[in-house]
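Shown next, in structure tokens, is the structure this report addresses.
We did not get these values from a lab; they are worked out from the coordinates using the rules stated. From a predicted model like this one, the values you see are computed outputs, not experimental measurements. Don't worry about glycine lacking a Cβ; one is built from the backbone with ideal geometry, like all the others, and counts go over all protein chains shown.
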Amino acid sequence: MKKIIIAIDGYSSSGKSTMARDLAKKIGYVYVDSGAMYRAVTLYALRHGIISESGIDTEALVNALPDIRISFEPAGADGIQHTLLNGEDVEREIRDMQVSSKVSSVAEIPEVRQRLTALQQEYGEHKGIVMDGRDIGTTVFPHAEMKVFVDASPEERARRRVRELEAKGEKVTYGEVLENIRHRDFLDTTRKESPLCKAADAVVLDNDRMTIAEQMQWLLDLYHKTAD
Ligand code: DC
């Protein structure tokens with residue numbers, strides 16, 4: 001069986017990170033969460049006052065890029081890969097609301113995208129990788145052997161996100177979560193640089209009415225068809 005690159009793109013809260021991580025584990029591939037990299041850059045900018053009430057100081061962020069080192073620590077006891085920012089484990093912090101509310105604006109900056117794209121491409125040099133994000137099949141690995149575009153309705157994604165947040169003890173309403181998802185979809189699909197869109201050769205996975213187990217079987221079937 002040949003080693004391939006698997007690109008999984010899709011809307012926020014479509015479940016793509018979980019499925020990408022589980023698939024990588026099942027087939028012994030490296031998993032890279034490209035969204036975590038955009039989140040780590042955002043956290044750095046927040047901590048260094050590059051993002052403030054008045055907005056993002058783009059020039060300062062671009063100048064700081066050489067000082068931002070992002071790496072991943074393999075999954076430990078919790079089964080989750082941890083994101084490191086200049087050697088510090090920031091996995092929890094990059095998921096908080098402050099980072100979530102600013103990351104789309106950071107992800108719009110062309111220099112940030114160029115730097116993270118180059119880093120992501122280095123991870124793929126030896127193949128045997130599953131990477132999820134918004135532009136993996138279109139910009140990062142346009143020649144990936146297997147490309148999946150995950151689609152689910154905003155309503156279903158909002159219901160899942162509410163369940164996730166409630167499980168973490170956060171108080172949210174379905175309406176505000178749905179609104180946030182619609183807003184992020186808008187930003188992701190309309191930004192100038194590498195907007196979220198389906199690669200022409202990507203296969204659509206509409207997981208509105210699929211269980212986790214059904215999704216995994218769907219992915220494994222496609223993987224075997226592609227790599228065998
Ligand atoms: O998948 P996520 O929600 O963790 O992604 C965080 C943000 O980063 C989201 O606003 C979209 C952006 N992103 C991107 O622009 N390109 C990627 N390849 C991955 C994420």
Inter-residue pairs, beta-carbon under 6 Å, first within 15 Å of I70 (Cβ to Cβ) and in the range 99-128, second of a type in the set (D, E, K, R) and near the ligand (Cβ under 9 Å from one of its atoms), 6+ apart: V99/R39; V103/R39; R113/E193
Which pairs turn up if I take residues in the range 52-80 that are under 21 Å from Q98 (Cα atoms) and look for partners that are in a loop (DSSP other than H, G, I, E, B) and among the hydrophobic types (A, V, I, L, M, F, W, C) with beta carbon separation below 6 Å, at least 6 apart in sequence or on another chain? D57/I50; T58/I109; A60/I50; L61/I50
Any residue in the range 50-71 that is within 11 Å of the ligand (Cβ to nearest atom) and at negative phi? no
For the range 104-111, does any single residue satisfy the condition of being closer than 19 Å to I136 by Cα, under 15 Å from the mean Cα position of the chain (by Cα) and away from the ligand (no atom under 12 Å from the Cβ)? no
Go through the range 133-189 and report how many residues are of a type in the set (G, A, S), more than 11 Å from the ligand (Cβ to nearest atom) and more than 16 Å from D208 (Cα to Cα). 4
Consider A227 carefully, then state whether it is small (G, A, S) and in contact (Cβ under 8 Å) with a residue 60 or more places away in the chain. yes
